[in-house]
Amino acid sequence: MGFSTDAIHVGQEPDPATGAIIVPIYQTSTFVQEELGKNKGFEYARTANPTRVALEKNLACLEGGRFGYAFASGMAATNALLTLFKAGDHVIAGHDLYGGTFRLFDRVLKNFGLGFSFVNTCALAEIEKAIHPNTRLIFIETPTNPIMQITDMEAVAKLAHQREILMAVDNTFASPYLQRPLGLGADFVVHSTTKYLNGHSDGVGGAVILNDAALAERLKFIQNAAGAILGPMDSWLVLRGVKTLALRMARHNENGMVMAKHLDGHPKVKHVNYPGLSSHPQHELARKQMRGFGGMISFETGSLENARTVLKSVRLCSLAESLGGVETLISHPATMTHASVPLEQRQRLGITDGLVRISVGIEDVEDLVADLDQALAKI
Ligand code: PLP
């Protein structure tokens, strides 16, 4: 079936008890058993809840995977994935990951004996150089946050598998509508469902999707054992959001392109990072592995003062962390999402004090352009 058909139907058969067309929010902690050892497939809601299971089936299908697991947040999903590994294992990760992912790796998981090398995953040679005999996982984001760099997923998967290393892609920025990493060879896809999958800025959640049955069994065990599950209400909100993912992403693509082109020619803007611009260093690769370029843009205003002026002056765009919602959000990576990345590393990556990030929503794009124009005029 097509993407939208799957998004609307998979995992969401009419409720067997009532015929309700929408999967109910099974707000229950436990399930009554008929007799010892006899139940209807559900025992305790940490282990499995019907609303969560519906979402897990749906997300697995949209990513082209066999198994999906939903977690309390994107970070809980990544944390669960990393606990598939053990002390002494080594992970190669992108050097410009979401700041919270870097923080989890560098300041939490390192304490449990996992080793990390942070490299530019756009350069295969850099990944290759960082491989040690104990390397078990390559963890990438593409496009990256907030510089919008693109990693060649197919090439990295090939390199990883030649060395019996697993590969994970955080697909939060693109969503399965724009790219499907498992189809390009990735072993795991991670999501913060908080963003495009939910799409309405009304819930925090995460997911891991994969194909390998043995790894899936282990991840399910971890999900139940560690317990960072997505609750039924939040699962339902993501199910609801996903139904319009294709429509929303098509509009994010359109609005993102208009906004990026407009900013690119703007006299107050020094540089625009958007993979849809032909000037983007990996534009061709983005065209090859993505269906559209999404709604995430970052641009350079030249100084903290200029960035502050823009962020203070916008009226329609909202100054807030997060992304991927129907409404346009604008933020300052250096002091917000990436404050936990050391200054020297931020500077190396181009996360300057003048960099502003926009998550372009699905409003009328003329209104967004006008809002940014009046804010940029105050510089
Ligand atoms: N991955 C990416 C790319 C993100 O942008 C974020 C949050 O901003 C996360 C993971 C973490 O997700 P959550 O905030 O749902 O824990």
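Considering THR5, THR78, THR18, the condition of being of a type in the set (S, T, N, Q) and touching a residue at least 12 places away in the same chain (Cβ under 8 Å) is satisfied by THR78 alone. The residues of the range 165-214 that are of a type in the set (Ser, Thr, Tyr) and under 22 Å from GLY227 (Cβ atoms), listed by number, are SER192, THR193, THR194. Can you say whether GLN162 is within 20 Å of PRO275 (Cα to Cα) and among the polar types (S, T, N, Q), as far as the supplied structure shows? No. Scanning the range 277-323 for residues that are surrounded by 20 or more Cβ atoms within 10 Å (Cβ to Cβ) and among the hydroxyl-bearing types (Ser, Thr, Tyr) turns up SER298, THR301.
Per the conditions (1) within 16 Å of the ligand (Cβ to nearest atom); (2) within 29 Å of LYS158 (Cβ to Cβ), the sole criterion not satisfied by ILE229 is (2). On the stretch given as the range 279-316, residues that are touching an Asp or Glu at 6+ places or on another chain (Cβ under 8 Å), within 20 Å of PRO267 (Cα to Cα) and in contact (Cβ under 8 Å) with a residue 40 or more places away in the chain total 4. The set of residues in the range 83-105 that are crowded, with 18+ Cβ neighbours inside 10 Å and either on the phi > 0 side of the Ramachandran plot or free of Cβ contacts under 8 Å to residues at least 40 places away in the same chain (or both) comprises LEU104, PHE105.
Which residue, of GLY41, GLY19, GLY37, is assigned by TED's automatic domain parsing to the domain that holds PRO181, surrounded by fewer than 16 Cβ atoms within 10 Å (Cβ to Cβ) and under 21 Å from LEU219 (Cα atoms)? If you could, list the steps in order and put the result at the bottom.
Values: GLY19 fails: under 21 Å from LEU219 (Cα atoms); GLY37 fails: under 21 Å from LEU219 (Cα atoms).
Result of the check over GLY41, GLY19, GLY37: GLY41.
Which of the strands (runs of 3 or more DSSP E) contained wholly in the range 42-161 include at least 2 residues that are away from the ligand (no atom under 13 Å from the Cβ) and touching an Asp or Glu at 6+ places or on another chain (Cβ under 8 Å)? Steps first, answer last, please.
Details: elements: 67-71, 90-94, 115-119, 135-141.
Once the strands (runs of 3 or more DSSP E) in the range 42-161 are filtered for at least 2 residues that are away from the ligand (no atom under 13 Å from the Cβ) and touching an Asp or Glu at 6+ places or on another chain (Cβ under 8 Å), what remains is 67-71, 115-119, 135-141.
Listed here are the residues, each with its yes/no results for (1) within 16 Å of the ligand (Cβ to nearest atom); (2) crowded, with 24+ Cβ neighbours inside 10 Å; (3) within 17 Å of the chain's Cα centre (by Cα).
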position	(1), (2), (3)
ALA216	no, no, no
ASN224	no, no, no
MET233	yes, no, no
ALA246	no, no, yes
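Counting only residues that are acidic (Asp, Glu) and touching a residue at least 12 places away in the same chain (Cβ under 8 Å), how many does the range 361-372 have? Even if it seems obvious, please write down each step before you answer.
Of the range 361-372, the ones acidic (Asp, Glu) are 363-364, 366-367, 371.
From what is left, the residues that are touching a residue at least 12 places away in the same chain (Cβ under 8 Å) are 363, 367, 371.
Counting residues in the range 361-372 that are acidic (Asp, Glu) and touching a residue at least 12 places away in the same chain (Cβ under 8 Å) gives 3.
Every listed requirement among (1) free of Cβ contacts under 8 Å to residues at least 24 places away in the same chain; (2) more than 16 Å from the ligand (Cβ to nearest atom); (3) more than 17 Å from HIS266 (Cβ to Cβ) is met by MET336 save one, (2).
Among the residues of the range 122-140, none qualifies, meaning not one is in contact with a Gly (Cβ under 7 Å, 6 or more places away or on another chain) and under 18 Å from HIS283 (Cβ atoms). Evaluated against (1) touching a Pro at 6+ places or on another chain (Cβ under 6 Å); (2) modelled with pLDDT under 95; (3) not aromatic (Phe, Trp, Tyr), LEU62 falls short on exactly one condition, (2).
The values are calculated or read from the model by the stated rules, or taken from the named source; none is laboratory data. Just so it is clear, the structure is predicted and the values come from calculations on it, not from any experiment. FYI the Cβ positions are ideal-geometry reconstructions off the backbone, even for glycines, and counts take in every protein chain you see.
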